[in-house]
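Trainee: Encoded as structure tokens, here's the structure I'll be asking about.
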Amino acid sequence: MSPTRSRARLVGGALLLAAVATACGDDAESMSTAACDRYAELQAGFFGDPSALGAAATAFGEAAPDSLEEDVGVVVAAFNSDDPSAMSTPEFAAANERVGAAVFDDCDSVVALDVSGIDYAFDGLPSSISSGRVAVRLANDTASGQPHELVILTGTDGQAADELRDLPMEQLMQQARPVGLVFVEQPGAAATTLVDLEPGSYLVICTLPVAENGEQPDGDAPPTDTHAHHGMVTTLTVEA
């Protein structure tokens, strides 16, 4: 269930996340409706077949504005690379942040959330928002060099967010479904996603293990000491 760990193992690293908005402007300087749609499809691809991410990135690149050509080229190349570390470089992080900023500014949404990931909480995340297309920008404001993620989860069988919150991590991975993701590896960096949220209650969580000496624990087993265990977990009510 942890999309970030799957992502790190399958395509390496991080970009943010899921189902978009329409855009303001149709010129070569701003994100068009088509570019926002392609970006959303790319983000939604994190919860599907990882082998399709390269094609989704290329489609976004073809629709992106000329003003972002260089940054989009870096992002698209990373998604199409066979090297998992391509999405963990400072070059990728900077390009991804600038692309995300254009998405955050240009793509229409019912609400745009600027959230800070700190050790260990989501600062700036409200308790409730309106349903519809939501832009989420996560800044990694760690004080200890930790990567941070923001994963939006819903129960696979309609469980409320409070029920999911009480589950051990291994059970949570079996009973929850991710609908949105933002992952920011480097301290001081940021990333953006667009996600369609229907009315209901959602769990917002960072499932990453606590890094020791800057290194993430190895292995695929659910971590025993996560950012969520230290308080980086909350609920979000989405109102009709």
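Trainee: Right, Glu170: touching a Gly at 6+ places or on another chain (Cβ under 9 Å), open to solvent by 10 Å² or more (accessible area, probe 1.4 Å) and in a helix (DSSP H, G or I) or not? Spell out how you get there, then give the answer.
Mentor: Values: touching a Gly at 6+ places or on another chain (Cβ under 9 Å): no; open to solvent by 10 Å² or more (accessible area, probe 1.4 Å): yes; in a helix (DSSP H, G or I): yes.
In short, no.
Trainee: A further question on this structure: With the condition kept exactly as written, say whether any residue in segment 115-129 is open to solvent by 40 Å² or more (accessible area, probe 1.4 Å), closer than 18 Å to Tyr202 by Cβ and at pLDDT below 95.
Mentor: Looking for residues that are open to solvent by 40 Å² or more (accessible area, probe 1.4 Å), closer than 18 Å to Tyr202 by Cβ and at pLDDT below 95, one finds none in segment 115-129, hence no.
Trainee: Within segment 32-65, which residues are open to solvent by less than 40 Å² (accessible area, probe 1.4 Å) and acidic (Asp, Glu)?
Mentor: At the first step, the residues of segment 32-65 found to be open to solvent by less than 40 Å² (accessible area, probe 1.4 Å) are 32, 35-36, 39-40, 42-43, 45-46, 53-54, 56-57, 59-61, 63-65.
None; the set is empty.
Trainee: Continuing with this model, one more query. I'd like the full set of residues that are touching a helix residue (DSSP H, G or I) at 6+ places or on another chain (Cβ under 6 Å), closer than 21 Å to Val151 by Cα and at pLDDT 50 or above, limited to segment 2-46.
Mentor: The answer is Arg38, Tyr39, Glu41, Leu42, Gly45, Phe46.
Trainee: Which residue pairs have Cβ atoms under 9 Å apart, sit 6 or more places apart or on different chains, and have a first residue in segment 183-202 that is assigned to a strand (DSSP E or B) and a second that is among the basic types (Lys, Arg) and open to solvent by less than 30 Å² (accessible area, probe 1.4 Å)?
Mentor: Pairs that qualify, where the first residue is assigned to a strand (DSSP E or B) and the partner is among the basic types (Lys, Arg) and open to solvent by less than 30 Å² (accessible area, probe 1.4 Å), are Phe183/Arg7.
Trainee: Here are Asp49, Asp71: which of them is within 17 Å of the chain's Cα centre (by Cα), free of Cβ contacts under 8 Å to residues at least 40 places away in the same chain and farther than 18 Å from Glu149 by Cα? Lay out the reasoning, then the answer.
Mentor: On the way: Asp71 fails: within 17 Å of the chain's Cα centre (by Cα).
On inspection, the qualifying residue turns out to be Asp49.
Trainee: Name the single residue, out of those in segment 96-106 being within 17 Å of the chain's Cα centre (by Cα) and over 11 Å from Ala191 (Cβ atoms), that is most open to solvent (accessible area, probe 1.4 Å). Step through it out loud before you land on a result.
Mentor: Here is the first cut: in segment 96-106, the residues within 17 Å of the chain's Cα centre (by Cα) are 96-105.
If we keep only those that are over 11 Å from Ala191 (Cβ atoms) as well, we get 102, 105.
On the way: Ala102: 17, Asp105: 106 Å².
Ranking the candidates gives Asp105 first.
Trainee: Okay, next question. Checking Glu29 against (1) in a helix (DSSP H, G or I); (2) open to solvent by 60 Å² or more (accessible area, probe 1.4 Å): exactly one of these is not met. Which one?
Mentor: Of the numbered conditions (1) in a helix (DSSP H, G or I); (2) open to solvent by 60 Å² or more (accessible area, probe 1.4 Å), the odd one out for Glu29 is (1).
Trainee: OK, next. Taking only segment 179-195 into account, find how many residues are closer than 19 Å to Ser85 by Cβ and hydrophobic (A, V, I, L, M, F, W, C). Even if it seems obvious, please write down each step before you answer.
Mentor: So in segment 179-195, the residues closer than 19 Å to Ser85 by Cβ come out as 183-187, 189, 191.
Checking the rest, the ones that are also hydrophobic (A, V, I, L, M, F, W, C) come to 183-184, 189, 191.
Number satisfying all stated conditions: 4.
Trainee: For segment 97-130, give me each residue that is over 14 Å from Leu194 (Cβ atoms) and polar (S, T, N, Q).
Mentor: Matches in segment 97-130: Ser116, Ser127, Ser128, Ser130.
Trainee: For residues that are surrounded by 18 or more Cβ atoms within 10 Å (Cβ to Cβ) and more than 18 Å from the chain's Cα centre (by Cα), scanning just segment 211-237, find the one that is modelled with the lowest pLDDT.
Mentor: So the residue we want is Pro222.
Trainee: Considering every residue within segment 66-81, establish whether at least one is of a type in the set (Val, Ile, Thr), modelled with pLDDT under 90, touching a helix residue (DSSP H, G or I) at 6+ places or on another chain (Cβ under 6 Å) and buried (at least 22 other Cβ atoms within 10 Å of the Cβ). Spell out how you get there, then give the answer.
Mentor: Our first condition is that a residue be of a type in the set (Val, Ile, Thr); within segment 66-81, this holds for 72, 74-76.
Pick out the ones that are also modelled with pLDDT under 90 and you get none.
Looking through segment 66-81, none of the residues is of a type in the set (Val, Ile, Thr), modelled with pLDDT under 90, touching a helix residue (DSSP H, G or I) at 6+ places or on another chain (Cβ under 6 Å) and buried (at least 22 other Cβ atoms within 10 Å of the Cβ).
Trainee: A further question on this structure: Looking only at segment 135-145, which residues are at pLDDT below 95 and of a type outside the set (Gly, Ala, Ser)?
Mentor: Across segment 135-145, there are no qualifying residues.
The values are calculated or read from the model by the stated rules, or taken from the named source; none is laboratory data. Because the structure is predicted, anything quoted here is derived from the model rather than measured. Here Cβ is always computed from backbone atoms with ideal geometry, including for glycine, and neighbour counts include all displayed protein chains. These accessible areas exclude ligands, DNA and RNA; they are computed on the full protein's heavy atoms, side chains included. Shrake-Rupley method; radii C 1.70, N 1.55, O 1.52, S 1.80 Å.
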